[in-house]
Structure formats: C-alpha cells, structure tokens
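Read the structure below first, then the notes.
All of the numbers you see were taken from the coordinates with simple rules; none came from a lab. Every value quoted in this text rests on a predicted model; they were computed, and no experiment measured them. Ideal geometry is used to build each Cβ from the backbone, glycine not excepted, and the neighbour counts take in all protein chains shown.
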Amino acid sequence: MTSPNYTDLSRRNLLHVLSLLGLTAFGRGTLSASTLRTDDTGATRRFLIDTDTASDDAVALVMALRNPGVSVEAITVVAGNMPIEKGLQNALYTRDLCQSHAPVYRGSAAPLLRPLHTAEYVHGNDGFGDIGLPLTGRTPAPGHAVPAIIDVINRHAGEITLVTLGPLTNIALALKLDPSIAQKVTRCVIMGGVGFGGVGNVTPVAEYNIWEDPEAAKIVFESGLPIEMVGWDISVESAVFDPQETARLRDIGTPLAKFCVDIQKSLTQFALTRTKLAGFDLPDPIAMAVAIDPSIATKTERRYVQIDTQSDLTLGQTVVDQLGVTGKPANTTVVKEASRERFIQLLHDSVRA
Ligand SMILES: [Ca+2]
C-alpha cells in the first residue's frame, strides 16, 4: 500500500479544513441552555462523549446514559466506522432508547487529511447489525460538534471527563481552535491504539481509531490532555463475549439488554472469522467502563506515547516508550490490565433498569 506524504500537507491544509467547517458561524458560548439540557438527576460527574457510532459505541453510550452518577453533557459524532450521517442517526437512536435528552451534534465527515475508510463490513451496513431498526429521520442539535466540544469544556472547566470512541478528528480540531481546553478537561479516556504487547486490527501494529486519522491522534497526544489510553489489547483481553457470556447479558431481558446484544450480529461474524475471537468484543464499552469507574483499570503505567504519521508500514501505531529511551516526559496513562468481571457487572447494571 502506498500513500502520499501527508506530513507536508498537514500545516497548510489544517486551516483549509477549519475554513471548510464554517466554524466562524459558531462562536464560544453560542449554545443556549435549551440545547444543552441535562437530566437533573443529581449526577456527580459530567461526561462529553465523541463517537463514530457503530454497534460497540452504542453499548458504551448506554452505559454512560443509564448511569445515575453520570451526566452526559453532549454527544459529538465523528466519521469513522460509520459515515457521519449513519453514525449521527445511530447515536440519536441510542440516546432516545435511553430516554436521555443529551444533545447530539454532527461533527467531522472525514479525517483531517486522508480519505475515510468506513467499517460496514464489521458492524453491518447500518452499523447496528442490519436487524431492521428504524435508524433514520432523527434531528441532531443545531451547530457543529467542534464548537460544541469547546463550549462544553469551557462551560464546565475542571469538571469534564472526555471519552473518545472514534477517530480523533473532532477533538484535534477543537484543540487547534482552543488549545486551552486541554488544561480544562479532568480526564480524557481514549479508546484507541495498542498498549503493551498487543496486535493491531487494521495493520499488524495499528488500531482503527488511531490509524484512521493519525494526524488528529498526533495532535491530541501532544496536546497536554490528561490521556488514559484503553487500547484494543484491553478489549481482546477483557471484553470478549462468547456465546455463554452473550446469553447472560441478553437474558437480563430488558429492551436495552436485547439491544446491546442483537446489534452485534455483524460484529459477531467478523470476530469469529477475521479477528479469531471467541465472540464479539466491545472495545468502546470497556473504555467507557474505565471512564465511569477508574478502578476497573487494575494496572496502568505512565508512558510517553507517540503516533506514527509517516510510515506506510506502521502508520497509526501508538508507539509506547516502555523503557523511557526517548527521555521525554510521560503524556499518557496506558491501561495495562482491566477487570473483566467488574466491567461486565457495570454493563449488566446499566441495562437492568
Ligand atoms: Ca467506535
């Protein structure tokens, strides 16, 4: 596979990308109280979730939206596993299913510099396993996701847990427009990359979310955000649902329990035939579990992590400096082990009500 040298393009194209977004129409503080409603449930923590809503993202959204201790301030959608419109509709469907009023914003329709590679072959044509759900016709909140991200973080400076479940395009653009947000986020939990000793799922060394927009990932990892990285290795290790575990979840019997299982229909086939797992795995939900309950990450290490944006061979790799050979200060808390039992318990609790 060959690709053009995107490095030379990056700086001059970024301004062009920003102008294409029409961002001058959306200033900070333009979101009205009515578009930023939250459920007044006494939730103690504020989440901002960025998602390319496919079938595992939906389960992660359910976990956050149904958690009584979490207030989801906004859901921002980015193109990735799904084209932007499908991801947007899937997020809106899931939000409504959870009877939440969290605003859902349409975000970037493509990576910063590269073409979009969607993953209908993994999650089904509609992203939810093609089981016949009515996934069209819902209306997102007005305005673009990128200024919404900036607005929410500034509005709740020092209070936001940012959870990213897709390529990092929206977050990178927000950081370029307002770099100060990096210091105002309490935690930034990223599902992406590969931590210690794992394998990639789109190349031998790269995980999809980082590989899909490596320039954006590089911006995010170099931004100063307090990053906690939950790599695909953690999903393979602790979030695989074999037929028995799948039945335990579905047998809870609620509409949400059935939804969380049934939409994995395409992913299950992909997992069995391509990734050679015992069943479907849920990378976004285990990242969300760590966001909701940090102690689910049972072993973590602070490391300097770089993103490869230049090599055809290792493009999008999260290069973890395990021995400190670069001499650079750690920028990432890399999750090394997670509790499968407590993740599954948290998931069960979220669909039980
Ligand atoms: Ca995702």
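The table below gives the values:
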{"read-out": "Likely footprinting exposure, MET288, MET229, MET191, fewest C-beta neighbours within 10 Å first", "value": "MET229, MET191, MET288"}
{"read-out": "Where trypsin sites (Lys or Arg not before Pro) fall in DSSP loop in region 219-279, at most 14 other Cβ within 10 Å", "value": "ARG274, LYS276"}
{"read-out": "For the chain, built as a Gaussian network whose Cα springs stay under 10 Å, the top-fluctuating residue of GLY192, GLY324, GLY87", "value": "GLY324"}
{"read-out": "Rough spin-label spacing in nm, given labels placed 7 Å along Cα→Cβ, for LYS258 and THR298", "value": "3.4 nm"}
{"read-out": "Estimated dipole of the chain in Debye, rounded to 20 [Cβ of Lys and Arg +1, of Asp and Glu -1, Cα centre]", "value": "560 debye"}
{"read-out": "Extension gain, GLU222 back to THR136 (0.36 nm per residue minus Cα-Cα distance, nm)", "value": "27.2 nm"}
{"read-out": "Region 47-65 residues near the modelled GLU120 label - backbone nitrogen below 16 Å, point 7 Å along Cα→Cβ", "value": "53-55"}
{"read-out": "Placed amide H near VAL205: partners under 5 Å, 5+ positions off or other chain", "value": "GLY200"}
{"read-out": "Inter-label distance for GLN99 and LEU323, nm, one decimal - labels placed 7 Å from Cα along Cα-to-Cβ", "value": "5.7 nm"}
{"read-out": "Nitroxide proxy distance, nm - points 7 Å out along Cα→Cβ at THR314 and ARG352", "value": "4.5 nm"}
{"read-out": "Neighbourhood charge, 12 Å Cβ-Cβ cut-off, centred on GLU228 and excluding it, Lys, Arg +1 and Asp, Glu -1", "value": "+3"}
